[in-house]
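The values are calculated or read from the model by the stated rules, or taken from the named source; none is laboratory data. This structure is a prediction, so every number in the text was calculated from the model and none was measured. No Cβ is skipped: glycine too gets one built from the backbone with ideal geometry, and neighbour counts run over all protein chains shown.
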Amino acid sequence: MRFPQLLSASLLILALPACSSTNRLFKAGLVAPSPFFEQPWLAQNGGEQLPFQKVWTTPDRQVLAEGLKTRKLHIAPVTLAYLRPMSKALASQEIGWGMQRQELAIAMRLREEFIAAFRRSRRPFYQLVNKPGPDTLTLQLALIELQPTSPKGNAVMTVLKFAVTPIAGLGRFFTKGTIAIEGKVLVPKTGRPYFQFADNEQDKLTFINTRDYQPYGHAVNTIRDWAVQFETMTRTPRGIKVGDSSSMTLRPN
């Protein structure tokens with residue numbers, strides 16, 4: 001297959017997100033909940049309405065009422081206490097060769113992006129504050145999984161894809177990274193959860209882009225998506241869809 005044919009085929013594939021079922025096909029599967037996520041058996045699928053795989057709203061009327069009336073939000077530092085070991089062979093090998101697993105930097109970036117999403121919003125539902133208080137909800141975030149993209153593996157796949165066969169691109173199954181988070185919003189008086197969510201994302205399907213050669217390039221893009229989706233969700237009336245990010249992209253960076 002010549003380059004123009006390969007490009008045309010790739011563009012056709014990347015146009016598929018218009019179909020929501022196709023988008024779900026290329027999305028990462030949900031990971032098992034960590035102990036951070038309380039009462040996971042009560043969680044429901046986000047489905048077509050919300051951008052997160054699992055969501056949970058308290059069944060306790062008192063906690064629900066307290067959460068509904070509060071308009072201030074503190075975003076706490078992200079916890080790494082529930083971060084699981086790497087399980088992908090290529091990523092683990094590259095860590096052994098000297099690539100850094102930047103969990104602390106990614107955790108800090110996660111919090112920064114959530115804060116930035118509210119500050120950039122033209123009409124945020126919550127007023128951000130710097131510390132917890134008696135009239136302030138607290139958003140706690142936990143980084144659950146962080147499997148870096150394999151830059152060396154993707155470099156080999158790119159060479160094979162152009163020099164040998166486009167089918168070599170299927171090898172990205174072994175080179176792509178994943179990132180999973182859980183979050184919960186706590187009411188001020190009792191510290192009990194008012195709302196919880198969980199999501200897992202993998203590298204977006206692309207023709208060629210610079211993120212494939214950065215260990216955490218795709219993860220940072222996912223973090224931005226999560227932050228915008230969460231902020232949008234907080235100000236969207238019940239029953240109105242908040243769209244999920246696409247599993248494919250044509251963006252080169």
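Could you look through the range 20-46, keep only residues that are hydroxyl-bearing (Ser, Thr, Tyr) and modelled with pLDDT under 90, and pick out the one that is surrounded by the fewest Cβ atoms within 10 Å (Cβ to Cβ)? Filtering first and then ranking leaves 21.
On the basis of being modelled with pLDDT under 95 and of a type outside the set (A, V, I, L, M), does residue 103 make the cut? So residue 103 fits the description; yes. Name the single residue, out of those in the range 110-135 being touching a residue at least 60 places away in the same chain (Cβ under 8 Å) and assigned to a loop (DSSP other than H, G, I, E, B), that is surrounded by the fewest Cβ atoms within 10 Å (Cβ to Cβ). Per the stated criteria, the residue is 123.
Would you call residue 59 part of a loop (DSSP other than H, G, I, E, B), farther than 25 Å from residue 178 by Cβ and either of a type outside the set (Phe, Trp, Tyr) or touching a residue at least 12 places away in the same chain (Cβ under 8 Å) (or both)? So residue 59 fits the description; yes. Taken over the range 180-199, the residue count meeting the criterion of being part of a strand (DSSP E or B) and at pLDDT below 95 is 0.
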